[in-house]
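Below is one structure, written out as C-alpha cells, with a few remarks after it.
The values are calculated or read from the model by the stated rules, or taken from the named source; none is laboratory data. For clarity, every value in this text was computed on a predicted model and none was experimentally measured. Every residue, glycine among them, receives a Cβ derived from its backbone with ideal geometry; neighbour counts consider all protein chains shown. Note: accessible area is taken over every heavy atom of the protein model, side chains too, but ligands, DNA and RNA are not part of it. Shrake-Rupley method; radii C 1.70, N 1.55, O 1.52, S 1.80 Å.
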Amino acid sequence: MTLEAQKETRGFQTEAKQLLHLMIHSLYSNREIFLRELVSNASDAADKLRFAAVKDDALYEGDSELQVRVSVDKDAKTITISDNGIGMNRDEVIENLGTIAKSGTAAFMEQLTGDDKKDAQLIGQFGVGFYSSFIVADKVVVTTRKAGSAADQGVRWECDGDAEFEIENIEKAGRGTSIELHVKADAEEFLDDWRLRTIIKKYSDHIAIPVVMQKQQPVGEDEETPAEPEDEVINTATAMWTRSRSEVSDEEYKEFYKHVSHDYADPLTWSHNRVEGKLDYTSLLFIPAKAPYDLYNRDGARGLKLYVQRTFIMDDAEQFLPLYLRFVKGVVDSNDLSLNVSREILQKDPNIDSMRTALTKRVLDMLTKLAKNDPEQYQTFWNEFGEVIKEGPAEDFANREKIAKLLRFASTHTETDAQDQSLDDYIARMKEGQDKIYYIAADNHNTAKNSPHLEVFRKKSIEVLLLSDRVDEWLMSHLMEFDGKSLADVGKGELDLGGMDSEEEKKTQEEVAENMKPLIERVQKALGEKVAEVRITHRLTDSPACVVVPEDEMGAQMRRLLEQAGQKVPDSKPIFELNPEHPLVKKLDQEQDEDRFADLSDVLFDQSSLAEGAHLADPAAYVKKLNKLLLELSH
C-alpha cells in the first residue's frame, strides 16, 4: 500500500464539533495561552521519551538532547512548535487529536455557559490544551513520528477548524511532533519574535526542557551578509522543584501549577519542601482553587508527577497520597526509588509508605495553616473539596483528629446552610454540663433544620450540627468522638441530655411515662409490625410525635442512599415517640372509637416519617385516612 493510498478524511465526533466551535470562537479571553499549552504538551512528550528510554536506549535514535523549538515565518504567517520527544503513530494521532476531551465531552458540554472566564477554566480541567491552537490559527498542521518507528511511519494531520480533519502517512526523518499554526489575520501580533519570547518566559520558564528559538541579530549597515543563525534557550530550563524556595517567585509557582495540573486558575496555596536524611526527596504540592469535573470519580486519574533523580517516571503516581486527598497536584522527585519501577514494584517499595505518611501530613498541615491564617480562603477550599475531606476519617485513622479539625458544618448556631462551623467552634460554645456533640443527618438542609428532633435542643439553647451531604452519616460512623467528646445523633436511640436535665425534670418525665402506659399499649397494638417500640418522649415541644432509629442500627439517610444504589439493606423498624403535652396526643388518648384511634395513630406515624424525609410505603392509604379524619372533624 502506498503512503498516498492511506490518506483519509475523518469527522470529529458530533459533540466535539460543538466544542471545537466554542474553542475557535469564544473561549479564552487571554489568547496568548495557546503557546503555554503547546509548549507544555511538548515538554510532556519529552518526559515520556525519557521514561521509555530507561528501558530502551535505542529510542533516542542517537539524539538524546531533548528540546522544544519555536519558530516564526512572517511571510508564510506561520508559528511552528516542534519537539523531539516520544511522538505519535497513526492510531495515537486519531485517538488523541480526533477525539476532543474523550473522557468527558458530554459532561463538559453540559457545563458550558457562554461565560468566557468560566468556560476557560473548564477547558483547563478537561485536558484539551492542544485545541487552544485554534484561538490564533485558522489551520493547524501536525506532523509526527513515534520514537523507534521507521521513517516512513510519519503521520500528517491537518484541520482548518471545521468538522473534519485529514490524516495521511508521510516520510519523516526525525522522531517527535511538529505543530504548524497558520495564523489568523486578527492574531498576527503573535508573529512577532519578541512577543513569543516574552510569553515563553512568562509561562514556561519553569519547564525542565530547553525551549529554543533562533537568536535575533540585527544586521549592521556595513555588513553585506547576515550572520549565521544561532539558537538560544529562552527559558531557565531547570526543574523548578530543584531550585531553592527563595529563588522562585509566586508567579513562577502559579505557572508551574498550571503546567502540571492543566488548570486555568491559580492555586489556593502550595508547599515546596526538601527532605534529607533517611529518605531523600523533594516535593512541591499544590491545593487547587476549583474542583475538577471528575473529583467524585474515585477511579479517575489522580496523583502526583513522579520523578526519580529528575527523570520522569509517571504522570499519576497515586501511591503517595490517600484517596481523600486526590485533588492535590504537584511533583515528587526522589533519589531513593529504583529507576526501572513498574506500578506493582512501586506499591511494594517500603520507602513509598514513609513518603506517603510524610506527604499526607504535609498536606494536612498546609490546610491547617490555611484555615488558621486565612479563614476566608479556607472556606473557598471547603466549598469546593469539603465532601472529599469528609472521606478522610474512614480512610486515614492515624490522622483522624487532624482531619476532624479541618471539617466544617452547618449548625443551628447560624441557622444558614453554609458549612462554616468547626468542631472546635462548637466545643467553645457548649453549655455547662454538656458532654456530647449533637448532630442530625438528613437528605437536605431544610429537612435537617426543621426536624422535630431539634425542638428540645432549641428550647434549651443547645447547638446541633446540621448534616445533609451524602457522605455525612458515613463520616460520623467513623469519627465517633472529637477532643474527648462523643458525637451523638439526635435522631437515634433515647434522648439523654446528661447533666442538662435537672433531677426534678427527670422525675417528672418518669411519672408521665408511667401514667401514659395505657396509651402506649393501645398505639403499639394499632401500629403493630410497623414499629419496633412506642414510647413517650420529652424531645418534642411543638410536634405531636416523631420516629427514632434504634441506637445500634443504620441511620435513615444511609439506608436511603444504599437503597438508591441498589444495595440490599437489613430490615429495620423505627421507634415511635409521642409528645404527651401535645393536644393531638391528648385527643388520641381520649378517643373511644378503636377504628378512628387506629386511623389517627397511622396518620401521626406517617406524618412523623414524612418529617424525617422518608417516603411512605402506601401514600394513597395515608391520604385516604387523613381525608376521612378531616371530614369527620368538619361535621
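Here the extension length gained between N444 and D589 equals 48.8 nm, from 0.36 nm per residue of separation less the Cα-Cα distance. Expressed as a whole number of Å, what is the distance separating the alpha-carbon centroids of region 158-205 and region 392-425? The distance from the Cα centre of region 392-425 to that of region 158-205 comes to 49 Å. Where the centroid of each part is defined by its Cα atoms, how far is region 443-513 from region 568-631 in Å? Value for the Cα centre distance between the two parts: 23 Å. Label-to-label distance, K372 versus R596, with points set 7 angstrom from Cα along the beta-carbon direction: 6.7 nm. Against the chain, whose longest principal axis comes from its Cα atoms, helix 350-373 is set at around 70 degrees.
Answer rounded, prolate or oblate for region 478-635, using the Cα gyration tensor with square roots of eigenvalues a ≥ b ≥ c: rounded when a/c is under 1.5, else prolate when a/b is larger than b/c, else oblate. The shape class here is oblate.
In whole Å, what is the distance between the alpha-carbon centres of region 251-316 and region 61-77? One Cα centre to the other: 28 Å. Here the chain carries DSSP beta bridges of which approximately 80% are antiparallel, counting only pairs with both residues inside. Distance between the pseudo-spin-label points of L562 and S486 (7 Å out from Cα toward the beta carbon): 2.2 nm.
Its Cα gyration tensor gives region 467-550 an equivalent ellipsoid; the semi-axes, largest first and in whole Å, are 28, 20, 10.
Partners of K587 within straight-line reach, counting lysines whose Cα lies under 16 Å from its Cα and excluding those fewer than 8 residues away in the same chain: K517. Solvent exposure of region 421-463 amounts to 42 Å² per residue of accessible area, where only protein heavy atoms count and the probe is 1.4 Å. Only alpha carbons enter this Debye calculation for region 263-305, each as an equal point scatterer, and the log10 of I(q)/I(0) it gives at q = 0.17 Å⁻¹ is -0.65.
In the complete set of protein chains, residue-level accessible area for Y253 is approximately 10 Å², probe 1.4 angstrom. Surface exposure of region 130-280, expressed per residue as accessible area with a 1.4 Å probe, stands at 46 Å².
Treating r as the C-beta distance of A58 and S354 and R0 as 45 Å, the FRET efficiency rounds to 0.80.
Taking 20 °C and 1.002 mPa s as conditions, the chain diffuses translationally at an estimated 73 µm²/s according to Stokes-Einstein applied to its Kirkwood radius (Cα pairs).
Computed extension gain for L610 through S246, at 0.36 nm per residue and net of the alpha carbon distance, reaches 125.0 nm.
Distance between the modelled labels on K215 and A150, one decimal in nanometres: 4.1 nm (7 Å Cα→Cβ projection).
Just list whichever of K48/K258; K146/K305; K258/K278; K402/K436 have alpha carbons separated by over 25 Å in the model shown. Flagged as over cut-off: K258/K278. Can you give me the % of accessible surface on the chain that is carbon or sulfur? Probe 1.4 Å, all protein chains present, nothing else counted. That share works out to 46 percent. Remark on region 395-532: ratio of C-alpha radius of gyration to 2.2 N^0.38 Å is 1.20.
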